[in-house]
Amino acid sequence: MATLELGIGDEVAVSPGMRPRRLGALFWMAVGWMIFVFAAAAFAGLLPLPSPTDMDMLGRRAPISVLHWLGTDNLGRDELARLIYGARISLTVGLCAPVIGLTIGGALGILAGYCRGRFETWVVGSMDVLLAFPPLILALAVTAYLGQSLLNLTCILGVLGIPAFMRVARASTLTLARREFVIAAQALGATHARILLRELLPNVFLPLFAFFLLGVAVTIVVEGALSFLGLGVPPPISSWGSMIGEGRESLEIAPSLAFLPAVAMFLTVLSFNLVGDTLRALTDPRQGAL
Amino acid sequence: MTTSALLCAEGVAVDLATPRGNLRAVDHVDLKIDAGRTLGIVGESGCGKTMLSRAILQLLPRKAKLSGHILFDGQDLASLDPKRLRKLRGRSLAVVFQDPMTSLNPVLTIGTQLIETLQEHLELNGAAAKRRSVELLAAVGIPAPEQRLTQYPHQLSGGMRQRVAIAVALSCEPKLLIADEPTTALDVTIQAQILDLLAREQRRRHMAMILITHDLGVVAGRADEVAVMYAGRIVERAPTPALFKKMRMPYTEALLAALPKIDTAPHTPLPAISGRPPDPTRPLQGCSFSPRCRYAADRCHREKPLLTDAESPDHQYACFYPIEITAGVGA
């Protein structure tokens, strides 16, 4: 038996780390689209684009031409420029808001799952209150009192995401905190901070990160919905949601005005979900364990 | 009791509040272990072995209530402030758990787990800690230790993982190692290897060890002294040779009889102990083993026998009608 064990050990030692796995064309297409959108949004200022806010009342709803690659909108603004500058807003909100949820919700969840007791009751209770509060009313109230701005929009969506992240973090912490490796760490004299940061956080981070990518996708859609309702970023700044909203007015004459931002949003959200799923499956070292 | 012992537990009791009432998991246990010695604690599942080890480590569940004194190196662990207790754990007190599948962090590499423990306690720099980790892994019999450092626990077999867990426990040269059923989750052939490894490292480091198991066969050749636990109490305690030569407590005898032996004929029924341990939330008036004891008499159901050293100061047992001395009288 000893020799057999050594035999297995040597085999493992030959190929340390993960076995390379085919990621598939779909994954690379999703990554390609994400890189394309990110690059376009980041370098929008450097691209030879017409201004997204310059109106041309004589060239409203112009068809595709050399001057306007994707035509112009209801007010004669370049559609491609508006799409790219809109990507800036959608991606900023889509990434920043879940980060707020991830940090605050994740921290509260891990602490609640580890400390239990009165702190947990308090956290879960306040999250239930936040969940029960109608999100649209909150968004309306905040924008009405503090005004429409990118920062306010991000904060609203971020705060609304906290309960979900808290629940994911708390649920995984609850199961992990009972495991023997946490007791073993305590038996080795680890402090509470050490157990939280080194033992629990790396374990909780994987499900949280998978949820984060889902959160990005959802937030982009929700930002679109809020902008569509006129609660998003104030005009003339464009975002995909507000572009769909504006395109609605001329749906019969120029359907592409609503259709193009919708396609951009669809492809981006789909890419985030695809990449998130694949990365989670790849980086989870627990697969095959237990 | 003398205070020269490394670990000296007096009147340790652990109470757990359960929905069905108070559960006394450990009931007035006295223990003593000297440096470099091995104490085997034997008993069936649920008799309080693990709770006793958790009590020594001060790692009881939050709802548990501990009473009694646990003196380690002259310090009472129960009243030690958290900071000094943390220093003591790992440095002087270490533990190896039953299941190597869950006692290592699944998302950290073996190297990270070992090196961080070393850096934390011995204040080594990164390179020195890494060197020492490789030495430790080699000492516990892991081939290609340098490559192991970059691997995750799930890439190792159960026996390998238990070796890593032992390496982590030994990393800071503890004075007392508590091995809580270290071989129960392992293959029988690996069991002997792990036990030999523990015995070898113990001799080399001159550390004391508490070996907790439900298998009398495990402690037979490896413990200096054996304490048999039943329903939260120690019912017999003796140096290992004395215990196996003339056991006094019927429970010890029943435990030994329930071990399969290599020389019995095939298809011989195993004399299992009938019945189950008593419900710890409803303590019995008499001896807790009396409902299952073949020698039980009236007195056993009425009174609780105390742990006494009737014959020799080394051999203690809690029984009114010990085997051999009064054989046949209680039956």
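Over the stretch B:111-186, what is the relative contact order in percent, taking alpha-carbon pairs closer than 8 angstrom and at least six residues apart?
Working: 54 pairs, mean separation 26.9, N = 76.
In percent, rounded to a whole number, it is 35.
Can you tell me the orientation of helix B:110-122 relative to chain B, as the angle in degrees between its alpha-carbon axis and the longest Cα principal axis, to the nearest 10? Helix B:110-122 and the main axis of chain B meet at about 90 degrees. The calculated FRET efficiency for residue A:28 paired with residue B:45, based on their beta-carbon distance and R0 = 45 Å, is about 0.25. Ranking B:127, B:51, B:71 by Cα position along the charge dipole of the stretch B:1-127, where only Lys, Arg, Asp and Glu carry charges on their C-beta atoms, puts B:51 farthest toward the positive end. Computed log10 I(q)/I(0) for the stretch B:169-244 at 0.18 Å⁻¹: -0.78, from the Debye equation with unit scatterers placed on every C-alpha and solvent omitted.
GNM on chain B, alpha-carbon springs under 10 angstrom: the most fluctuating residue among B:68, B:21, B:90 is B:21.
Counting only alpha carbon atoms, the long axis of helix B:188-205 and the longest principal axis of chain B meet at about 70°. In this structure, the amide hydrogen of residue B:210, modeled 1.01 Å from its nitrogen in the peptide plane, lies closer than 5 angstrom to those of B:39, B:177, B:178, B:179, counting only residues at least 5 positions away or on a different chain. With neighbour counts taken as other beta-carbon atoms within 10 Å, the residues A:239, B:133 rank, fewest first, as B:133, A:239. Report the local net charge at residue A:112: Lys and Arg +1, Asp and Glu -1, summed over other residues whose C-beta lies under 12 Å from its C-beta. Every neighbour counted, the sum reads +3.
Distance between the pseudo-spin-label points of residue B:83 and residue A:121 (7 Å out from Cα toward the beta carbon): 3.1 nm. Across chain B, C-alpha contacts under 8 Å between residues 6 or more apart give a mean separation that, scaled by the residue count, equals a relative contact order of 20 percent. Rounded to two decimals, the Cα-based Rg/Rh of the stretch A:200-290, with Kirkwood Rh, is 1.18. Label positions at residue B:267 and residue B:301, each projected 7 Å from the Cα along the C-beta direction, are separated by 3.8 nm.
Put in line by how crowded their Cβ is, counting other Cβ atoms within 10 Å and starting with the fewest, B:10, A:199, B:253 read B:10, B:253, A:199. Label-to-label distance for residue B:276 and residue A:252 is 7.7 nm, based on points extended 7 Å past Cα in the beta-carbon direction. Listed from fewest to most Cβ neighbours within 10 Å, the set B:84, B:91, B:161 follows the order B:84, B:91, B:161. Beta-bridge orientation, chain B: approximately 60 percent antiparallel, per DSSP, counting only bridges with both partners inside. Name all residues of the stretch A:228-260 having a backbone nitrogen under 16 Å from the label point set 7 Å from the Cα of residue A:47 along its Cα→Cβ direction, giving them as ranges. Hits in the stretch A:228-260 for residue A:47 at 16 Å: A:238-241, A:243, A:260.
Every number here is computed from the coordinates shown, using simple stated rules; none is lab data. Remember, predicted model here, so these are calculated numbers, not experimental data. With ideal geometry, Cβ positions are generated from the backbone for all residues, glycine too; neighbour counts draw on all protein chains shown.
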